[in-house]
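Every number here is computed from the coordinates shown, using simple stated rules; none is lab data. In this text, all values refer to a predicted model and were calculated from it rather than measured experimentally. No Cβ is skipped: glycine too gets one built from the backbone with ideal geometry, and neighbour counts run over all protein chains shown.
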Amino acid sequence: MKRKVITALLAATMVASLAVGCGNKGGDSKSDSSKSSSSDEITIGFSQVGAESDWRTANSESMKSTFSEKNGYKLIFDDAQQKQENQITAIRNFIQQDVDYIVLAPVTETGWDTVLKEAKDADIPVIIVDRMIDVSDDSLYTAWVGSNFKMEGQKACEWLNAYAEAKGMKEVNIAHIQGTIGASAQIGRTEGFDEAVEAHDNWTTLAQQSGEFTQAKGQEVMESFLKSYDDIDVVICENDNEAFGAIDAIKAAGKTCGPEGDIIVVSFDSVKAAFESMIAGDLNATFECNPLHGPRVAEIIQKLEKGEEVEKIQYVDEQVFTKDNTTKE
Ligand code: GZL
């Protein structure tokens, strides 16, 4: 609890100097100011969305391995099971425990002003990772580390356009399985997709529904799409886990998918299982969403510890993977 120790030391020093200033009334000012910090461990309270996807697991692992005891940190990790109210409770607990920093991976963009004002009033810096927050006062957070989700959506549609043209597809009928509605990853990827559909006269969105970034919901949504439409050419899934569910639904309906199949499958994240799915010939392409935020957040915290300025918005680097470069990657 480094920040707390420093605060206590400052208070002790102030009392000691006052005692000296008013004549030493037997107060042992020396012992107050000579108190060494009991620990220079930095305590981090991390509110994680949940464990809904392979991406999320990798993101949690990155934070846990970075903010380890041997690296000089005490990490208090809270899994909100995809519920904002749990994240708000966790942040309040972190404030009560007077942590040195709060890191928040917000489930959705809105609803954070009140609790982040409480953190600001408690003088605890807040770092946002992954999805963005929409607050009235951006001084409520010190920095954000994450992906450019709209660019991910644009990259996916640029790839699809080139692929469809190369295959000589006259019409491109698309089923769209979105992520958790209101999450920046869903907002950005959907924006990139919707703009691409607008720009291509031969593209049609047959259906659009949230698969909540999970495999089970992705399969359920694809099953309903397949019951309603028999002319689906492409399914765009806003994360790999939804795509795994959609692939299961396509096969259960007696159809095929992937580069040699009836339906083109496109997704986001690029988790390990997505590479395996591309090698198996089921998934056509996955657009990377880099989950390794731990080192970037640690860099920010170390700068803040030294009183240095930090960039407010920090994008992570990302690529696109298809069967052609899967084996190497
Ligand atoms: C993206 C992240 C999304 C992933 C999903 O940064 O918020 O949430 O794409 C995860 O796998 O559930």
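Numbers for the structure displayed
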| read-out | value |
| --- | --- |
| Net charge dipole size for the chain [Lys, Arg +1 and Asp, Glu -1 on Cβ; Debye, nearest 20] | 1460 debye |
| Highest average packing first - 265-277, 221-233, 196-208, Cβ atoms within 10 Å | 265-277, 221-233, 196-208 |
| Of Ala51, Gly179, Ala143, farthest towards positive along the dipole that unit charges on Lys, Arg, Asp, Glu beta carbons give the chain | Ala143 |
| Modelled FRET efficiency - R0 35 Å, Ile313 with Glu276, Cβ distances, 0.05 increments | 0.55 |
| Segment Asp138-Gln81, length gained on full extension (0.36 nm per residue, minus Cα span) | 17.9 nm |
| Size of charge dipole - region 174-329 - debye, nearest 20, with Cβ of Lys, Arg +1 and Asp, Glu -1, no other charges | 380 debye |
| Angle between the chain longest axis and helix 294-305 axis [Cα atoms, degrees, rounded to 10] | 30 degrees |
| Dipole-positive endmost among Ala246, Gln97, Ile300 within the chain (Cβ charges, Cα centre) | Gln97 |
| FRET efficiency, 1/(1 + (r/R0)^6) with R0 25 Å, evaluated for Glu191 and Lys64 via beta carbons | 0.20 |
| FRET efficiency, Glu260 to Leu292 (Cβ-Cβ, R0 30 Å, nearest 0.05) | 0.35 |
| Full-stretch length increase - Asp40, Glu198 - with 0.36 nm per residue and alpha-carbon distance subtracted | 51.4 nm |
| Pairwise label distance in nanometres, Thr205 with Lys306, each label 7 Å out on the Cα-Cβ vector | 4.6 nm |
| On Cα atoms only, tilt of 54-66 relative to the major axis of the chain in degrees | 20 degrees |
| Of Gly153, Pro125, Tyr73, farthest towards positive along the dipole that unit charges on Lys, Arg, Asp, Glu beta carbons give region 50-177 | Gly153 |
| Gain upon complete extension [Ala166, Glu109; 0.36 nm per residue less C-alpha separation] | 16.7 nm |
| Between helix 184-199 and the chain: long-axis angle, C-alpha atoms, 0 to 90°, nearest 10 | 30 degrees |
| Convex hull of Cα atoms in region 108-166, direction-averaged projection (nm²) | 4.7 nm² |
| Antiparallel bridges, percent of DSSP beta bridges restricted to the chain (to nearest 5) | 5 percent |
